[in-house]
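Written below as structure tokens is the structure these notes are about.
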Amino acid sequence: MNGELAARVRDVLDVSVSEFDAQARADAEVVKSELRDGTFDNHRSIIGLEYEFYAVADGRWRRETGDDDGAELVRVPRRLLELIRFEKELGLHNAELTTSPQPLNAEGLRAQAAGVRSHLESALQTTRIEGMRLVSDGLWTVPPSGETARGYLTDSISDGGIRIATNMTDAVRYHAMANGTNAPRPFVLDAPHVSLEADTVMPESLITSIQPHYQVPHASDLPTYHNYALRIAGPLLALAVNSPFFPPDLYDENADPAAVVDDAWAENRIFVFESVLNDDESAKVRFPDDLGTVEEAVDRVANDPTVVPMPVDRGDRFDDKFATLRRKHGTFWRWVRPVFDGATRSSANARIEFRPIAAQPTVRDSMAFMATFAGLMESLPRHEHPVIGQEWSVAKENFYTAARRGLEGEQRWITNDGQETTDEERLYDDLLSHAVEGLRSAGCTTEAAESYVAPLRARVESGVTPAGWKRSRVHSRIEAGDSLSVAIPAMQRAYVDEQTNTLLDGAFTDWW
């Protein structure tokens with residue numbers, strides 16, 4: 001198996017980077033021509049979602065034996081992924097659910113929520129037979145039984161000079177990323193009191209996310225939606241933070257437990273992705289600049305530094321006309337990114353992928369972020385909300401402040417009356433009211449729109465985020481004298497236990 005995979009990686013590495021880039025630039029001209037012809041325009045907004053999970057032992061043996069272990073990461077067999085109709089992701093422990101795009105209206109939102117719950121409920125029933133459970137979370141902290149997280153993330157072999165990560169899925173592009181001439185080796189994870197170096201991109205498999213998609217009606221307006229998405233990225237991230245801790249064995253040997261808790265960043269997922277995949281030469285994972293034109297969005301993808309020049313097969317689909325550009329887009333990592341896609345000319349679309357949000361404690365909370373993002377994309381541009389005038393540097397500062405401090409960080413916002421504020425109540429009243437208005441204008445009743453947004457209002461009113469919930473539990477354990485190796489797994493078991501009862505039909509507010 002490894003020999004076959006290594007051979008496929010070699011085939012990828014034989015692809016000329018210069019020829020690949022030249023073809024991507026040629027494809028970009030095709031897309032820009034189609035944009036001028038209106039091919040990517042649609043008469044309505046459409047929404048979609050990518051939802052990532054990781055798998056853990058379901059705890060049945062712990063409950064039956066009284067053992068205090070639990071929530072250990074487990075590998076998902078390929079046959080099981082196919083059975084539950086989930087897609088493979090970076091690590092063998094990962095599984096991804098992608099929803100079918102739906103019109104942004106009352107029925108479309110209901111279909112998205114029902115589709116996620118139905119598909120996930122079936123998957124949970126099936127995985128339970130295998131003794132495992134899918135978890136919706138930002139970052140796993142308990143390695144597989146009998147293993148260390150450091151070993152799991154760094155274990156690899158060399159096959160004829162090709163480096164293969166032992167616990168990575170067999171997708172060629174992931175392995176090729178570790179072997180190309182432009183790879184940022186070593187792959188370094190950098191966070192407070194944590195340091196890790198690996199020969200592959202496997203440390204990125206620590207993290208999981210939800211990624212709402214918003215398909216814009218008129219492609220020429222994509223820069224406006226993109227730039228608004230940058231302004232709301234910080235405030236929404238501050239509400240969503242869900243990854244303050246790492247597996248205990250990744251912390252520095254002499255790290256003070258109290259300092260680890262005090263210094264923990266609220267959303268380490270942001271910094272894992274950036275530190276592992278960026279280097280001094282190329283910051284491919286970053287908060288993007290504002291866009292001026294839709295053509296500029298296409299050129300950014302075409303001109304992005306190439307990591308994996310994958311071979312491309314071209315067929316008769318519409319998007320095969322720009323297949324190399326689409327392939328290159330797979331390593332165009334921005335926290336907000338534009339996408340040009342469509343298997344047929346009639347389904348061609350331009351959309352925004354919103355990537356800062358970690359997977360949440362419950363489906364309802366995940367859907368709240370999807371609906372809120374969609375509502376804001378509907379409302380803010382239509383009303384020409386003045387936050388679009390916020391300096392880009394402020395939006396960027398908001399984003400990284402939110403990643404480090406969550407709701408405890410000060411966000412700067414421009415309200416509907418054009419006044420700048422750092423008052424949390426004013427900020428979120430304005431932001432969430434516009435989300436509700438956007439959902440109402442898309443066809444939701446006021447009651448339904450408020451219901452979608454309610455989980456986020458609850459976080460504002462209580463000041464409790466998933467990261468804060470985790471931090472308080474680890475803090476209590478540390479104060480009681482526990483080590484990180486006890487306190488963090490105990491928190492993780494509590495997280496999984498709470499989620500077991502609330503994932504499909506409850507909400508994060510049921511946890512406190």
Hey, does the range 366-377 have a residue that's open to solvent by 50 Å² or more (accessible area, probe 1.4 Å) and not hydrophobic (A, V, I, L, M, F, W, C)? no
Filtering the range 312-333 down to residues that are modelled with pLDDT under 95 and under 11 Å from GLN23 (Cβ atoms), which residue is surrounded by the most Cβ atoms within 10 Å (Cβ to Cβ)? LYS328
Considering only the range 228-245, how many residues are touching an Asp or Glu at 6+ places or on another chain (Cβ under 7 Å) and of a type in the set (Val, Ile, Thr)? 1
Failed item, numbered, when GLU295 is tested on (1) part of a helix (DSSP H, G or I); (2) open to solvent by 10 Å² or more (accessible area, probe 1.4 Å); (3) more than 30 Å from HIS385 (Cα to Cα): (3)
From the list THR331, THR362, pick out the single residue that is out of contact with any helix residue (DSSP H, G or I) (no Cβ under 6 Å at 6 or more places or on another chain) and in contact (Cβ under 8 Å) with a residue 12 or more places away in the chain. THR331
Scan the range 168-187 and give yes if some residue there is over 22 Å from PHE86 (Cβ atoms) and in a strand (DSSP E or B), otherwise no. yes
Counted residues, the range 15-28 - those being more than 29 Å from the chain's Cα centre (by Cα) and within 17 Å of SER220 (Cβ to Cβ): 0
Across the range 429-452, what is the total count of residues that are more than 12 Å from SER379 (Cα to Cα), surrounded by fewer than 22 Cβ atoms within 10 Å (Cβ to Cβ) and of a type outside the set (Asp, Glu)? 5
Taking the range 298-344 only, how many residues are under 20 Å from the mean Cα position of the chain (by Cα) and outside any loop (DSSP other than H, G, I, E, B)? 12
Would the range 183-191 turn up any residue that is within 29 Å of ALA123 (Cα to Cα), touching a residue at least 12 places away in the same chain (Cβ under 8 Å) and open to solvent by 20 Å² or more (accessible area, probe 1.4 Å)? no
Among the residues of the range 75-82, is there at least one that is at negative phi, among the aliphatic types (A, V, I, L, M), open to solvent by less than 20 Å² (accessible area, probe 1.4 Å) and under 22 Å from the mean Cα position of the chain (by Cα)? yes
Got a sec? Which helices (runs of 4 or more DSSP H) wholly within the range 196-292 have at least 1 residues that are under 28 Å from GLN411 (Cβ atoms), open to solvent by 20 Å² or more (accessible area, probe 1.4 Å) and of a type in the set (Asp, Glu)? 257-263, 268-277
Only listed residue being in a helix (DSSP H, G or I), aliphatic (A, V, I, L, M), at pLDDT 95 or above and open to solvent by 10 Å² or more (accessible area, probe 1.4 Å), chosen from VAL394, VAL387: VAL394
Within the group GLY70, GLY91, GLY108, which residue is at pLDDT below 95 and either small (Gly, Ala, Ser) or in contact with a Lys or Arg (Cβ under 9 Å, 6 or more places away or on another chain) (or both)? GLY70
Determine the pairs where a residue that is part of a strand (DSSP E or B), located within the range 45-62, has a partner that is of a type in the set (D, E, K, R) and at pLDDT below 95 with Cβ atoms under 8 Å apart, the partner being 6 or more residues away or on another chain. GLU52/GLU89
Exactly one condition in (1) within 28 Å of LYS284 (Cβ to Cβ); (2) within 21 Å of the chain's Cα centre (by Cα) is not met by GLU391; state its number. (2)
Suppose the filter is closer than 30 Å to VAL260 by Cβ, touching a Gly at 6+ places or on another chain (Cβ under 8 Å) and open to solvent by 30 Å² or more (accessible area, probe 1.4 Å); does THR422 pass it? no
Given ARG128, ARG133, ARG110, which one is more than 30 Å from ARG440 (Cβ to Cβ), of a type in the set (Lys, Arg) and open to solvent by 60 Å² or more (accessible area, probe 1.4 Å)? ARG128
Anything in the range 301-311 that is under 20 Å from PRO184 (Cα atoms) and open to solvent by 60 Å² or more (accessible area, probe 1.4 Å)? List them, or say none. ASN303, PRO305
Which fully enclosed helices (runs of 4 or more DSSP H) of the range 416-512 have 2 or more residues being closer than 21 Å to ARG269 by Cα? 446-462, 466-479, 484-502
Can you tell me which residue in the range 111-162 is modelled with the lowest pLDDT, limited to those that are in a strand (DSSP E or B) and of a type in the set (D, E, K, R)? ASP159
Residues (touching a residue at least 40 places away in the same chain (Cβ under 8 Å), open to solvent by 30 Å² or more (accessible area, probe 1.4 Å) and either touching a Pro at 6+ places or on another chain (Cβ under 9 Å) or at negative phi (or both)) located in the range 461-477: SER462, VAL464, GLY468, ARG471, HIS475
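The values are calculated or read from the model by the stated rules, or taken from the named source; none is laboratory data. Treat the numbers as computed from the prediction; the structure is a model and nothing was measured. For neighbour counting, all protein chains shown are included, and Cβ atoms are generated from backbone atoms with ideal geometry for every residue, glycine included. Note: accessible area is taken over every heavy atom of the protein model, side chains too, but ligands, DNA and RNA are not part of it. Shrake-Rupley method; radii C 1.70, N 1.55, O 1.52, S 1.80 Å.
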